[in-house]
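Everything below concerns the one structure shown next.
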Amino acid sequence: MTRRLRPERNAGFAFIEVLLAITILVFISATLWGAFARTNEAKKKIEAAQERLHTARVALMRMTRELEMAYLSGHENTLVQDRRTMFIASSSDIDELKFSWFGKQRMRADGAEGDSGLVWYYSSPDPELPGVVNLMRKETRRLQRTDPTLLVGDTYVLCPNISRLKYSFFDARVKEWRDQWSTTGADGLDYLPTHVRITLTVIDERDQEVAFVSAARIQMTEKVQYMPKVGT
Amino acid sequence: MNSRSPRFLAVLRDRFAKRKQRDRQSGVALLMTITTLTLMITLVANFTYDTSIQMAQTANARDELRAHYMARSAVNLSRLLIKIQSRFVEPVMAQAKSLLSGSLGAGMGISLRVTDYAGPIMSFFGGSKESSAMFGSLLGIDTTEAKGLGVANGSMDAEITAEDGKIDINCGSGVSVPGNIGHRTLFREITSLLYSPRYNTLFEQQNSSGQFVDRSEIARAVIDWADDDEQKFDPSGSGSGSEDYRYDARKDRYYAHNGSYDTVEEVAMVYGVSTDLLEAFLPYLTVYANTDSKRQCRVNLQMIKGPCTPLLVGLIRAAAMPDPLQPPKDPRVLDDRTIYPLASILCERGSVTGFDDINTIVAVLNNPAQSISREDPRYEMMQSLQGINLTRQDLEQVAYVGAPRVYRIEATGEAGKVKKKITAILDTQRPLFNPLSQNVAAEQAAGVFQYWREE
């Protein structure tokens, strides 16, 4: 018996089918891509804003905590001009602040370092990005009776791209806020402010200024001083 | 049924036809669905990951703030306890002691310290509801209706110790003159503290400058760092040239303070003080003045507690060696096997009840067999131990018992995974030069912070 075979149908797509399929695919892909790109862009913007917020918040929190550990020593040689400990704030667009503190971490074994040092917040132009000003933090290894700029220390960017930094200091003795504070010089104060208000203005991801405000409560407003004669 | 039957063939044909029909479908829709799903899953995973990181960051910032304020609350509560101790408990105890010594000729033998209960009191205010209730039941108070007790998200704790019960290295400040008793006593105390042969390994290592430094050199350097002059301290009083510790010969050079220490950790900068030495002896040193009426650099033993045995060993040795360059009257004070068990018992007793009279300490040293109960596992050993020949006058050259002045507060706050520690030193008798309020007396009574550090 012979079997009659049916001719096979032509498998695959016709050219027009392929064109149509590709067109549909491109259209759907473009639509999807556009949606994803927009979402991704929005995500990046939100992340950048959050990153900026986080950087500013961390910088402010760090400054606040460090200021709480500020102190002024009563163990200074008053016959010489330079001081080991100080609290000096100079006013400008971006204020500078130098203070001695008890928060230093000993990082090196046998490094001959205690838990006191000098912290210095100042501004500096970014070496790679023209027009960008960074908030810098310098921490010295020790306290020495010399020009603070000569002291060895570690420096890093505390907050990038800032436009303003203002400090206000509450003088509990006269019950008023001051813009400047200095414990050195002939008319230098011999105590620390009780509160420091910090206003940090940063440039956000849209190139607009955003201000953040915080306040620190200084715990050791009186001089740290060895006084064996008291109470005996 | 035969496998080649027409019915069976029909079934096969039918299956073949269905498969062929299915094979003709190209699967484009499926591909697109899978691609879209893959993109969506990637995007969602990315979002989830970023969001969880931001959540963790935010939660961390929140917990850090909570932990910080928990620790600060613990410091404030500790200040209250210290105020109660110094303004109420100490005067009452002093009166009771004078009454008892007048009628019985002896003190109470204990020193009441409310500051020792800082931990349970902290848990009452800043622990869980259960710990508040537990502490309340101890006091006979029902806390179920009380408001403001316990903290839902976190906890706080504090430990209060007296800085007076340590060797004051600021006794080295001032000018080194032969008659400076503070300098001589400090030298005595430091060399005695470092004396034990068990510390030999610390002095057999070269320091970072490649030098070996002995015990008396370290004691002299500690004094020379704080004194005002440039002359090297000489315990014999004959003068030994100028200070030359070569701090300025280091790669990162510095200079001696030549003034009182601001903080006890400043001693890390002193010649010969290595990290190992610092770790071993820092707990026994302070830079805050105590209530020593003679101002002779004596240590206040009223509130010693914790691991105080090495300090007591050092003080007993210092008491027995009026001249640290000469051998002691009783050579047994140099024997660790004799002096450590005695100091250990004294330290335990001091940690539990404190001392209200220096005679209590002298009695234990003179007659160790009588100073221990029969139930104590060390009873047999103490019976065989001969006492040390030390008088009250000897011990009073380096130690005294009195109300403390300076307290160390170590407060911790915990929230979530964040733990914050604040170390604060409070001087209860320091005058205020720049009061913050009109009520100077109240401010003064709260004490003046001389140290504040947050970690």
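The values are calculated or read from the model by the stated rules, or taken from the named source; none is laboratory data. Owing to the predicted nature of the structure, the values given are computational and were not obtained by experimental measurement. Glycine also receives a Cβ, built like all others from the backbone with ideal geometry; neighbour counts cover every protein chain displayed.
If residue A:43 satisfies every condition in (1) touching a Phe, Trp or Tyr at 6+ places or on another chain (Cβ under 8 Å); (2) at the interface with chain B (Cβ under 10 Å from one of its Cβ atoms); (3) crowded, with 18+ Cβ neighbours inside 10 Å but one, which is the exception?
Going through (1) touching a Phe, Trp or Tyr at 6+ places or on another chain (Cβ under 8 Å); (2) at the interface with chain B (Cβ under 10 Å from one of its Cβ atoms); (3) crowded, with 18+ Cβ neighbours inside 10 Å one by one, residue A:43 breaks only (3).
Filter the stretch A:165-213 down to the residues that are among the hydroxyl-bearing types (Ser, Thr, Tyr) and modelled with pLDDT under 90 and list them by number.
Residue satisfying the conditions is A:184 alone.
Please work out which residue is surrounded by the fewest Cβ atoms within 10 Å (Cβ to Cβ), limiting yourself to the stretch B:279-312 and to residues that are basic (Lys, Arg) and either within 14 Å of chain A (Cβ to nearest Cβ) or on the phi > 0 side of the Ramachandran plot (or both).
Looking at the filtered set, the residue picked out is B:294.
Find all pairs meeting these conditions: Cβ atoms under 8 angstrom apart; at least six residues apart or on different chains; first residue within the stretch A:49-78 and touching a residue at least 12 places away in the same chain (Cβ under 8 Å); second residue in a helix (DSSP H, G or I).
Taking only residues 6 or more apart or on different chains, the pairs are A:57/B:61; A:61/B:61; A:61/B:64; A:65/B:68.
What are the residue pairs meeting all of these: first residue in the stretch B:33-62, first residue more than 10 Å from chain A (Cβ to nearest Cβ) and assigned to a helix (DSSP H, G or I), second residue surrounded by 12 or more Cβ atoms within 10 Å (Cβ to Cβ) and modelled with pLDDT of 85 or more, Cβ atoms under 7 Å, and 6 or more apart or on different chains?
The qualifying pairs are B:59/B:416; B:60/B:418.
Take the residues of the stretch A:168-212 that are buried (at least 16 other Cβ atoms within 10 Å of the Cβ) and small (Gly, Ala, Ser): which is farthest from the other protein chains (Cβ to nearest Cβ)?
Top of the filtered list is A:168.
Residue B:162: in contact with a Pro (Cβ under 9 Å, 6 or more places away or on another chain), surrounded by 15 or more Cβ atoms within 10 Å (Cβ to Cβ), of a type in the set (A, V, I, L, M, F, W, C) and at pLDDT 75 or above, yes or no?
Criteria met by residue B:162.
Mind listing whichever residues of the stretch B:377-388 are touching a helix residue (DSSP H, G or I) at 6+ places or on another chain (Cβ under 8 Å) and either among the aromatic types (Phe, Trp, Tyr) or modelled with pLDDT under 85 (or both)?
Those that are touching a helix residue (DSSP H, G or I) at 6+ places or on another chain (Cβ under 8 Å) and either among the aromatic types (Phe, Trp, Tyr) or modelled with pLDDT under 85 (or both): B:378, B:381, B:382, B:383, B:385, B:386, B:387.
Any chance you could count how many residues in the stretch B:250-278 are more than 10 Å from chain A (Cβ to nearest Cβ) and under 25 Å from residue A:100 (Cα atoms)?
1
Looking at B:184, B:188, which one is in a helix (DSSP H, G or I), under 25 Å from the mean Cα position of the chain (by Cα), over 26 Å from residue A:79 (Cα atoms) and more than 10 Å from chain A (Cβ to nearest Cβ)?
That would be B:188, the only listed residue that is in a helix (DSSP H, G or I), under 25 Å from the mean Cα position of the chain (by Cα), over 26 Å from residue A:79 (Cα atoms) and more than 10 Å from chain A (Cβ to nearest Cβ).
Counting just the residues of the stretch A:116-148 that are of a type in the set (A, V, I, L, M, F, W, C) and within 14 Å of another protein chain (Cβ to nearest Cβ), which one comes out surrounded by the most Cβ atoms within 10 Å (Cβ to Cβ)?
Of everything passing the filter in the stretch A:116-148, A:143 is surrounded by the most Cβ atoms within 10 Å (Cβ to Cβ).
Collect the residues in the stretch A:87-143 that are free of Cβ contacts under 8 Å to residues at least 12 places away in the same chain and part of a strand (DSSP E or B), keeping them in residue-number order.
Matches in the stretch A:87-143: A:125 only.
Taking the condition of a type in the set (Val, Ile, Thr), touching a residue at least 24 places away in the same chain (Cβ under 8 Å) and in contact with a strand residue (DSSP E or B) (Cβ under 6 Å, 6 or more places away or on another chain), does residue B:313 pass?
When the stated conditions are applied, residue B:313 does not pass them.
Identify, from the list B:110, B:167, the residue that is closer than 30 Å to residue B:451 by Cβ and either at pLDDT 80 or above or of a type in the set (Ser, Thr, Tyr) (or both).
B:167
Can you name the residue in the stretch B:192-229 that is among the basic types (Lys, Arg) and surrounded by 17 or more Cβ atoms within 10 Å (Cβ to Cβ) and, of all such residues, is farthest from residue B:274 (Cα to Cα)?
Among those that are among the basic types (Lys, Arg) and surrounded by 17 or more Cβ atoms within 10 Å (Cβ to Cβ), it is B:220.
Find the helices (runs of 4 or more DSSP H) located wholly in the stretch B:372-455 whose residues include 2 or more that are away from chain A (no Cβ under 14 Å) and surrounded by 16 or more Cβ atoms within 10 Å (Cβ to Cβ), and list them.
Ranges flagged: B:392-395.
Restricting to the stretch B:353-365, and then to whatever is in a helix (DSSP H, G or I) and touching a residue at least 24 places away in the same chain (Cβ under 8 Å), can you tell me which residue is farthest from residue B:93 (Cα to Cα)?
B:365
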